[in-house]
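Encoded as structure tokens, the structure appears first; notes follow it.
Read-outs: derived from the displayed coordinates by stated rules, not from any lab. Computed from a predicted model, the values in this text were never measured in an experiment. Methodologically, a virtual Cβ is constructed for each residue, glycine included, from the backbone with ideal geometry; neighbour enumeration extends over all protein chains shown.
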Amino acid sequence: MLQIYEFIVDQTAKGRSFLLFFCLLMMQTPSFAQNSAKITIQKKNISVIEALKEIEKQSDYSVGYNDSQLKNKPVLNLDLKAATLEYALSQILRGSG
């Protein structure tokens, strides 16, 4: 009975150690997002697909999208100067559903 108790206590301690390590690791994640690329797109009559391709060129990210769902979207007039990735995507995808 004592061996079972010691085993349970040992497993609980290992679980807590892993959870603590994981939480500390996740605390570092937001600092990576703050250093993301700045996006500059100043174009008139640009399609959503072209704008997403421009984001791929200016950042280290690959943007996944379905061509057939974005082909019929209206063209955009973008005036983004050193915008964050999040803001640029929100402006490009605004109104696209």
Compute a Gaussian network model of the chain, connecting alpha carbons closer than 10 Å, and tell me which residue from LEU24, LEU85, LEU52 fluctuates the most. LEU24
Across LYS14, LYS38, LYS81, the residue with the highest GNM fluctuation in the chain (Cα network, 10 Å cutoff) is LYS14
Mind pulling the angle between the C-alpha long axis of helix 48-58 and the longest principal axis of the chain? Nearest 10 degrees, somewhere in 0 to 90. 60 degrees
Grab the beta carbon distance between LYS57 and LEU25, set R0 = 41 Å, and tell me the FRET efficiency rounded to 0.05. 0.85
For the range 36-92, rounded, prolate or oblate, judged on the Cα gyration tensor with a ≥ b ≥ c (square roots of eigenvalues), a/c < 1.5 rounded, else prolate if a/b > b/c? oblate
May I ask you to list the lysines whose Cα is less than 16 Å away from that of LYS53, ignoring any residue fewer than eight positions away on the same chain? LYS38, LYS43, LYS44, LYS71, LYS73
Take every Cα pair under 8 Å in the chain that's 6+ residues apart, average their separations, divide by the length, and report that relative contact order as a whole percent. 32 percent
